[in-house]
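What follows is a single structure, written as structure tokens, with notes after it.
The values are calculated or read from the model by the stated rules, or taken from the named source; none is laboratory data. What you see is a predicted model; the values in this text were computed from it and never measured. Cβ coordinates were reconstructed from backbone atoms using ideal geometry, including for glycine residues, and neighbour counts include every protein chain displayed. Just the protein is used for accessible areas: all its heavy atoms, side chains included, with ligands, DNA and RNA removed. Shrake-Rupley method; radii C 1.70, N 1.55, O 1.52, S 1.80 Å.
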Amino acid sequence: MSLLKVNDMKIHFPIRGGFFRTVVDHIKAVDGISFELEPGETYGLVGESGCGKTTTGRGIIGLNTITGGEVLFEGTDLAKQSRSERRKHVKDIQMIFQDPYSSLNSRKNVLNIIAEPLRNFERMSPGEELKRVQALVDRVGLNPESIYKYPHQFSGGQRQRIGIARALMLNPKLIIADEPVSALDVSVQAQVLNFMQEIQKEFNLTYLFISHDLGVIKHLCDRIGIMYKGRFVEEGTAADVYNNPQHLYTKRLIAAIPEMNPEKRFEKMHLRQAINEEYRTDYDSYFDKDGRMFDLKSVSETHSVAVQ
Amino acid sequence: MLKFIIRRMLIMIPQLILLSLIIFVLAKAMPGDAVTGAFVSNPNATPEQMEKIRESFGLNDPWYVQYGHWIGKAVQGDFGMSFVHKQPVTHLLESRVANTLLLAAVTMIVTYIISIPLGIIAGRWTDTWADKIIVTYNYFAFATPLFVFALLMLFLFSFILGWFPSGGSVDIRIETGTWEYFVDKAKHLFLPVMSGALLATFGTIQYLRNDIIDTKLKDFVKTARSKGVPEGKVYTRHILRNSLLPIAAFLGLEITGLIGGSIFIESIFSYPGLGQLFIQSIGTRDFTVVTALVMISGTAVVVGTMLSDIILSIVDPRIRID
Amino acid sequence: MANPVLEIKNLRTSFNIKGNYYAAVDDVSLTVHENEVVAIVGESGCGKSALALSIMGLHNLKTTKLEGQVNFKSQNLLSLSASKLNKIRGKDLGMIFQDPMTALNPLATIGRQIEEPMDYHMKLSSAAKKKRTLELLRRVGIKNEQRIYSQYPHELSGGMRQRVVIAIALACDPVLLIADEPTTALDVTIQAQIMDLMKELQNQIKSGIILITHDLGVVAEMADRVAVMYAGEVVEIAEVRELFMNPLHPYTRSLLNSIPSNMEDKKALHVIEGIVPSIQKLDRTGCRFAPRVAWVPEHEHEESPTLHEVEPGHFVRCTCYKNFHFPEEKVGDESYVTTKS
């Protein structure tokens, strides 16, 4: 059984307008997406700003209200549950945020930051709690004595480790990582990515990895879903998507990755121009008359594309 | 744009109804009424006589009947009779409204004439001696209570030096409309205006200084410098435009603040305006006058806020509401 | 080679922190030629942005000390008065900023903002200015230029705004463009568009470009020559192909190995040990990268490292590159390549 199954999920936000500020329309931030996560895999959700990838993550964990569809976690539908019922699953799903600077409470020391989720769910003596926090802090590669320090005393990479330690505290099954390395320098980013791969094996974690960085996604993920305007454009293994992109938008996205070989830069530029040309000629076979993506159709066992 | 203004004006209606209700209920809840106020100096009045008068004024009707009666007349500009002055409230207010508006308008203009240049100097040349002097002055302006400062001004410039009159709005012996009348009016205004303005600069100076310091570091200012725009023009064309914008928007609120602040100033300088009348009327429990005054100043706040919203939507292209 | 347009000689930019001056740019020398894109690459805090602002004279001189020379059109920009510098900025020197969301004045129309440098540097009638502005808008790939001309920044998308920022920089035909992270704040597809646009413009205008970036991908796409900066110093300079095919300095090699798309999938990325020291705590003697490659024996480093020309045009600081290898790679292991073919 899959760990998480998202079925035709929709998250719409009302737009108010007119004289009495009534709801005149909806922003369809997420407009009917479906995907599944198998235990232990890393699923990459990739797209540009405003495509709905972050809203999707927030919807699964309950930070955005789901307008329609199902979110099945180990078979139970989170979308239909009340807040109190959801709490039981909050332990199993944790989130890591983009900005390690603002997602940690600057007035709490590391001990209190990391122990907070624990205190919400388990009663423990201060001694036991301290032991568990110290063990975890040690595991994420920070000095165990640093638990009495405050977030501003750490570097960006270290802060992201603190955020990861907090997420790990309750032994979750699924971690939703929303752009966890986007605010970091490349060398620090490498540290965090390596570390996330290590703990994945060790803690038997499943990742939903949300990012705009196609390089990071390709490096880390087993399967990838490409999002655009709240819909899925293409889904498949990393090899499917990167080596054999089918949808026009995917092609454009892949071609936009900077070419690391200086010799091939003009080749890449011409490829992009060719794709732009294709946008002019073949637009209708990829988008319907409202500019909306079609439903996904599978082209191989692992690979599906939104075409007519 | 027009739609926004109309919607904004319509919002005022429930605001004003609510305001009038609260004022009316509060006034009713106060101990004593117009009758006790009117007879407070007459120890011979018997409770029976007072009750008779109450009945004749309709003061024993249910509150909503009284409210309906009051508000119906009020929208036509009739706030009833003042029991103390024995004349219609509207008549009583007429001359005083003009006086207070004049005082408030002049005070506001003087406040801006002082505070905008000072705020700009302090913001542009931060940490210079000029900035330090302005900031010090501003702390004094913030910390000094208005009535203490006004009394000090009165004492110094009127009693000791005798440069300015100590009260009133104009010498009644001077003929209206002449040059002398204008000069005398200005002389009477000078102390109340300066007392108010010298302290009211606080908000604007503080705001402008901080905003300029903020804006100076913005990227678009760097863009302007990288275009080769001379430093002076960087300020006039880029920084000040952005920093003065909220001040234009506060204009509406500022004027309502000044009308509220006129209570102290007018009492101290015996300036015949609304504030002075307000204090007197509370003392004599002149119920009809007090409610009328509170209603007027409350309306001024509501209108001022609306004006601020509208001004902001006109001057800032980012807030174009259709 | 073409004529040099900008010569930076021994530039040192120091910031006043609690009474003491600390150099963020430490003895940097660099030449930019006509029609050449020189990329300055490094991570945050390496001094690359401070370098750009030094050339443009955009530092607050109350808290910044500038030493050395920035020679441009036979005058040293660092010794020019404000009014003389203003005759050059916006005319011969154009600047493109990182964040198009904040680089434009929110209260002025796009047209006004592009025309502004012309007010100071060109004698044109207002009709001529407008004509030129519309033409610039078309050149940076904006199609409905008439409409955009009278719009305000908030009405435009990020990519459009960055095109406007570029149009401003190009307004008076600059000899040298300084682009500070011009694509960092943009989405990938928009980044690609802006990179391609800049390459095209480069072919037309033939000016020199200094490209400040942290992204080696952008470098590979756009630069002719690259200077890698670490802790205020240039640690390696090379022609772009040379740098990517034959990176020598341990820092350059570490950077290349920590980029995910450059490595085999799922394989651990290279991690540079330790952190970039702050400019107050930086040890300014010896090889500044030494603490981050602790396994390299001390005698491999130079006592006071200088740039060595190892190939024509390829300079590397310090001697520690000679026998450098990563701890995870065996000495002489040919299978460990820095760039995936």
> Would you say residue A:211 is among the polar types (S, T, N, Q), open to solvent by less than 20 Å² (accessible area, probe 1.4 Å) and at the interface with chain C (Cβ under 9 Å from one of its Cβ atoms)?
Replying inline: no
> When the residues of region A:64-80 are filtered to those that are without any contact (Cβ under 8 Å) to a residue 40 or more places away in the chain and in contact with a strand residue (DSSP E or B) (Cβ under 9 Å, 6 or more places away or on another chain), which remaining residue is most open to solvent (accessible area, probe 1.4 Å)?
Replying inline: A:80
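Conditions tested, residue by residue: (1) at pLDDT below 90; (2) more than 9 Å from chain B (Cβ to nearest Cβ).
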| position | (1), (2) |
| --- | --- |
| C:39 | no, yes |
| C:42 | no, yes |
| C:59 | no, yes |
| C:71 | no, yes |
| C:81 | no, yes |
| C:84 | no, yes |
| C:98 | yes, no |
| C:102 | no, no |
| C:122 | no, yes |
> What are the residue pairs meeting all of these: first residue in region B:258-272, first residue on the phi > 0 side of the Ramachandran plot, second residue part of a helix (DSSP H, G or I), Cβ atoms under 8 Å, and 6 or more apart or on different chains?
Replying inline: B:270/B:276
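Tell me the helices (runs of 4 or more DSSP H) entirely within region B:52-148 that contain at least 3 residues that are free of Cβ contacts under 8 Å to residues at least 60 places away in the same chain and at positive phi.
none
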>> Looking only at residues that are buried (at least 23 other Cβ atoms within 10 Å of the Cβ) and not polar (S, T, N, Q) in region C:201-217, which one is nearest to the other protein chains (Cβ to nearest Cβ)?
In response: C:216
>> The conditions are (1) within 13 Å of chain C (Cβ to nearest Cβ); (2) surrounded by fewer than 21 Cβ atoms within 10 Å (Cβ to Cβ), and residue A:193 fails exactly one of them. Which is it?
In response: (2)
> Would a scan of region B:62-77 turn up a residue that is among the polar types (S, T, N, Q), at pLDDT below 70, open to solvent by 100 Å² or more (accessible area, probe 1.4 Å) and assigned by TED's automatic domain parsing to the domain that holds residue B:13?
Replying inline: no
> Looking only at residues in region C:114-131 that are more than 30 Å from residue B:319 (Cα to Cα) and part of a helix (DSSP H, G or I), which one is most open to solvent (accessible area, probe 1.4 Å)?
Replying inline: C:120
> If a residue has to be away from every other protein chain (no Cβ under 13 Å) and at pLDDT 80 or above to count, how many in region B:241-250 make the cut?
Replying inline: 1
> Out of (1) free of Cβ contacts under 8 Å to residues at least 60 places away in the same chain; (2) buried (at least 18 other Cβ atoms within 10 Å of the Cβ), what's the single condition that is false for residue C:146?
Replying inline: (2)
> Is there a residue being touching a helix residue (DSSP H, G or I) at 6+ places or on another chain (Cβ under 6 Å), over 14 Å from residue A:170 (Cβ atoms) and touching a residue at least 12 places away in the same chain (Cβ under 8 Å) anywhere in region A:88-95?
Replying inline: no
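Take the residues in region A:103-119 that are surrounded by 12 or more Cβ atoms within 10 Å (Cβ to Cβ) and either polar (S, T, N, Q) or within 21 Å of the chain's Cα centre (by Cα) (or both), then tell me which one is nearest to residue A:73 (Cα to Cα).
Of everything passing the filter in region A:103-119, A:117 is nearest to residue A:73 (Cα to Cα).
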> If only one of B:273, B:257 is away from every other protein chain (no Cβ under 14 Å), farther than 21 Å from residue B:88 by Cα and crowded, with 17+ Cβ neighbours inside 10 Å, which one is it?
Replying inline: B:257
> Got at least one residue in region C:281-303 being within 12 Å of chain A (Cβ to nearest Cβ) and at pLDDT below 85?
Replying inline: no
>> Let me confirm something: among B:212, B:174, which residue is buried (at least 18 other Cβ atoms within 10 Å of the Cβ) and assigned by TED's automatic domain parsing to the domain that holds residue B:130?
In response: B:212
> Out of B:126, B:100, B:144, which single residue is in contact with a Gly (Cβ under 7 Å, 6 or more places away or on another chain) and in the same structural domain as residue B:289 (by TED's automatic domain parsing)?
Replying inline: B:100
> Which ones in region C:171-197 are within 14 Å of chain A (Cβ to nearest Cβ), closer than 19 Å to residue C:38 by Cα and either open to solvent by less than 10 Å² (accessible area, probe 1.4 Å) or free of Cβ contacts under 8 Å to residues at least 24 places away in the same chain (or both)?
Replying inline: C:182, C:183, C:192, C:194, C:195, C:196
> If you scan region C:100-140, which residues turn out to be in contact with a Ser or Thr (Cβ under 8 Å, 6 or more places away or on another chain) and either of a type in the set (D, E, K, R) or farther than 24 Å from residue C:52 by Cα (or both)?
Replying inline: C:109, C:110, C:111, C:115
> In region A:41-63, how many residues are within 21 Å of residue A:229 (Cβ to Cβ) and open to solvent by less than 30 Å² (accessible area, probe 1.4 Å)?
Replying inline: 14
> Within the group A:187, A:155, A:182, which residue is open to solvent by 30 Å² or more (accessible area, probe 1.4 Å), within 13 Å of chain C (Cβ to nearest Cβ) and farther than 23 Å from residue A:54 by Cα?
Replying inline: A:155
>> Residues that are in contact (Cβ under 8 Å) with a residue 40 or more places away in the chain and small (Gly, Ala, Ser): list the strands (runs of 3 or more DSSP E) wholly contained in region A:207-308 that include at least 1 such residues.
In response: A:223-228, A:231-237, A:304-306
